[in-house]
1. Please compute the net charge surrounding Glu56, taking Lys and Arg as +1 and Asp and Glu as -1 over other residues with Cβ under 10 Å from its Cβ.
2. For the chain, with all protein chains present and a 1.4 Å probe, just round the carbon and sulfur fraction of the accessible area to a whole percent.
3. Can you compute 3J(HN,Hα) from phi for each residue in region 266-282, using the Karplus curve 6.51 cos²θ - 1.76 cosθ + 1.60 with θ = phi - 60°, rounded to whole Hz and x for Gly and Pro?
4. Residues with amide H under 5 Å of Gln90's amide H, sequence separation 5 or more or different chain, H placed in the peptide plane at 1.01 Å from N; which?
5. How do Asp55, Asp232 rank by accessible surface area computed with a 1.4 Å probe, from largest to smallest?
6. For region 158-167, in order, what is each residue's ³J(HN,Hα) by Karplus, 6.51 cos²θ - 1.76 cosθ + 1.60 with θ = phi - 60°, in whole Hz (x at glycine and Pro)?
7. Can you give me the solvent accessible area of His257 with a 1.4 Å probe, rounded to the nearest 10 Å²?
8. For the chain, the longest stretch holding no GluC sites (Glu not before Pro) located in a DSSP loop with at most 16 other Cβ atoms within 10 Å is which?
Amino acid sequence: MPTRRTVLIHVTGQDRPGITAGLLEILARQEATIVAMEQFVVMGRLTLDVLMAVDEERATFRDLLFFGWEREIDIEFEEVEKPAADLRLQRHAVTVLTPRSTSAALHAVTDAIGAAGGNIERIRMLSSEPVAGYEFIVAGADDASLRRLVGIAAADQGVDVAVQHESLERRAKRLVVMDVDSTLIKDEVIDLLAEEAGRREDSERITAAAMAGELDFAAALTERVRLLAGLDAGMFERVRAKLRLTPGARRFVATLHRLGYATAIVSGGFTPFTDALKEQLAIDHAYANELEVVDGRLTGRLVGPIVDRARKARVLEEIAAMEGIPLEQTVAIGDGANDVDMLARAGLGIAFNAKAQVARAADTTVSVPYLDAILFLLGIGAEDIAV
Ligand SMILES: [Mg+2]
């Protein structure tokens, strides 16, 4: 049996139709095995890499050099010592979101990647406006060092960075569960309701006590709902009209649907609003608290189980089970303390413009005020985004 050589073919030059096909025709004629292949075209300039194994005595290299001369492209060869299996290193996707395109931030992140022993195999620009998004595919980095060092660089530079295992699962994330107040919408619905009841200050005082840890979420919710007793249910319509979607929300949800994702909202707010948002954005599932209404007026009580921190996480599991989607393939997005368990439970937990203690529980943070920036963390580039 003739010896097989493993060789990396590196092709660069002006892109023209037929180069890839012509090169593969030669490899087919020489009975070469393709181990890996990648191609990029940037501003009309082609870069094509083919890792192949071929019999030693074949005239492959002579044919390839002649092909390069004929087509006016550069072809280089590099003998690869390692057997092909060793090339399948552990890979990470490091995604950087920055409101301004800054070389300093990109330098800090790439420096951190290097310090973690990682080698950048591929860089993809996901977007330029309104947020610049870059994805680095990194091979061979130590997982813990990569997360720690990249995290420090991101904090120093004030940019958002996500570190994820690069795998088929990352590309197959299929359920996105969102919080509503201050995540999908800019408002806190309880404040708008309390305002209708003329009790906004009382409501805010209870919220502050809950935030300070003097009241748990369920107690704070029950107390604030009590302030709404006697309100005419006709005001739901008026409050619904006041809700403002977070910038990019519509595009975010439309793109997810177009790409086949299931979507859900899980809210510590109330069903008259989540049901309307579900319909407006064609969201697949909606869970929230139900306000009791008797004779057209709010009683100041809730019906059924309270959607609190623990229930949000359970609902995530229930929807995933219903959709037949493994938890590793779920994404949860939220900003508040009651989102913490849900963010921790999801395959990818994203703290959206959240306080530090929420951000700490999440896998990654987004601190730009656009919901659609999250698409880049899912590896979805500008070309796939619904307009
Ligand atoms: Mg919230």
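1. +1
2. 50 percent
3. Coupling constants for region 266-282: 10, 10, x, x, 10, 4, x, 9, 5, 5, 5, 5, 4, 5, 4, 9, 6 Hz.
4. The list, which skips near neighbours in sequence, is Gly140.
5. Details: Asp55 30, Asp232 75 Å².
Sorted descending by solvent-accessible area, the residues read Asp232, Asp55.
6. So the J values, rounded to whole Hz, are x, 10, 9, 9, 10, 10, 9, 5, 7, 7.
7. His257 exposes around 60 Å² with every protein chain in place.
8. Values: sites that count: Glu31, Glu56, Glu57, Glu72, Glu81, Glu214.
Counting at most 16 other Cβ atoms within 10 Å as exposed, the longest clean stretch of the chain is 215-387.
The values are calculated or read from the model by the stated rules, or taken from the named source; none is laboratory data. These numbers were taken from a predicted model, which means no experiment stands behind them. In this analysis, Cβ positions are derived from the backbone assuming ideal geometry, glycine residues included, and neighbour counts consider all displayed protein chains. Note: areas computed on protein heavy atoms with side chains; ligands, DNA, RNA excluded. Shrake-Rupley method; radii C 1.70, N 1.55, O 1.52, S 1.80 Å.
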